[in-house]
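In what follows, a structure is listed as structure tokens, so that the remarks can point back to it.
Just so you know, all these numbers are worked out from the coordinates, no wet-lab data involved. Owing to the predicted nature of the structure, the values given are computational and were not obtained by experimental measurement. Note that we place each Cβ from the backbone using ideal geometry, even for glycine, and neighbour counts take in every protein chain shown.
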Amino acid sequence: MGPPQSSRALILRTRAYGESDRIVTFLAEDHGKLTGIAKGARNSKRRFANCLNPFTLVRVHFRQRRSATLVFMDSCDLLRLPDTLAEPLKFAYGSYLVELVDLLTVEAEPVPKTFDLLANALDALRTGPATPAFLRSFELHLLADAGFAPRLDGCDSCQEELAAGTPCGFDATTGALLCSTCKTRRENLVDVSEAVRAALVRLIDLDPAAARSLRLPGDVRGETADLLGRWLSLHLPRPLKSLGLIESLTR
Ligand SMILES: [Zn+2]
């Protein structure tokens, strides 16, 4: 067993294991995504009390185990309960943010910016609604932090600046934006209007909480959501379960 370590962490998901244990996946500020075993967590009211539900901010005390993928969780200190996320729609949006982070991170690779992004977005969700601008800003920042930064200012092919006033094209197989000249040389590109590109530039300049009050006009809102959905699906290993929950609550 390695030396004791501790880190602030956000609980991403947890499940029962055996008679009394839990398997917990969390995003640790200093260590990235880790999955651990919390021995006796289903019976112990002391070491993990109220700490292992999704969205909870804790300080986790753990040890790495030699030749084992699961870390050994000694205990957790509760830092913040996800109290207001008990409301069904907020729970659904919180699940969406957490699921995206879970699917776009790999185990044991530190991603401190993603930790801050998720912590701040979950906090913002406690105090206000998940507006379209809030969600799109979160998705853009997450893609950027995961190393899939969408380039928004220049053509991926000729490198020329994307000219204001002319629509560009999105290549859904590579996730690249192409200028109006280069896009005529490829097939099956999705048109991206200047208004949508301008909205994306604005959304990545602001963190999700600050972007929340931006009003996206109806057509821009729909196109931006569609474009980011395509962008994300290029990098997601499976469809998002939380989308079904959101749809069932907003239909
Ligand atoms: Zn070009």
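Just need the relative contact order of segment 97-161 here, percent rounded to a whole number, with Cα pairs under 8 Å and 6+ apart. Please list the in-between numbers first.
Values: 27 pairs, mean separation 21.9, N = 65.
Computed value for segment 97-161: 34 percent relative contact order.
Per-residue Cβ neighbour counts within 10 Å put Arg65, Arg215 in the sequence Arg215, Arg65, beginning with the fewest. Computed 3J(HN,Hα) for segment 154-166, one whole-Hz value per residue from the Karplus formula 6.51 cos²θ - 1.76 cosθ + 1.60 where θ = phi - 60°, is x, 6, 5, 9, 8, 6, 5, 4, 6, 6, 5, x, 10, glycine and proline marked x. Of the residues Ser44, Thr14, Gly32, the one whose Cα sits farthest towards the positive end of the charge dipole of segment 5-81 is Ser44 (charges of +1 on Lys and Arg Cβ, -1 on Asp and Glu Cβ, taken about the Cα centre).
Loop-located trypsin sites (Lys or Arg not before Pro) across segment 93-156 with a Cβ neighbour count of 16 or fewer within 10 Å are Arg151, with loop assigned by DSSP. Cross-link reach is defined here as a Cα-Cα straight distance under 19 Å, omitting same-chain residues fewer than 8 places apart; for Lys241 the lysines meeting it are Lys90. Amide H to amide H, with H built 1.01 Å from N, Ser157 comes under 5 Å of Cys179, counting only residues 5 or more places away or on other chains.
For Lys113, the lysines whose Cα falls under 22 Å of its own Cα, not counting residues fewer than eight places away in the same chain, are Lys33. Measuring nothing but how far apart in sequence close Cα pairs (under 8 Å, 6+ apart) lie, relative to its length, segment 99-238 scores a relative contact order of 30 percent. 3J(HN,Hα) along segment 32-45: x, 6, 9, 10, x, 10, 9, 5, x, 5, 7, 10, 6, 8 Hz, from the Karplus curve 6.51 cos²θ - 1.76 cosθ + 1.60 with θ = phi - 60°, whole Hz, x for Gly and Pro. Only Cα pairs under 8 Å and 6+ residues apart enter the sum, and on that basis the relative contact order of the chain stands at 16 percent. Here the Karplus relation 6.51 cos²θ - 1.76 cosθ + 1.60, evaluated at θ = phi - 60°, turns the backbone of segment 99-107 into coupling constants of 5, 4, 5, 4, 7, 9, 10, 10, 5 Hz, with x for every Gly and Pro. Using the rule -39500 (n - 2.57) for each DSSP H run of four or more residues, divided by the residues of the chain, the 222 nm mean residue ellipticity is -11000 deg cm²/dmol. Reducing segment 143-161 and segment 23-92 to their Cα centroids gives an inter-centroid distance of 35 Å.
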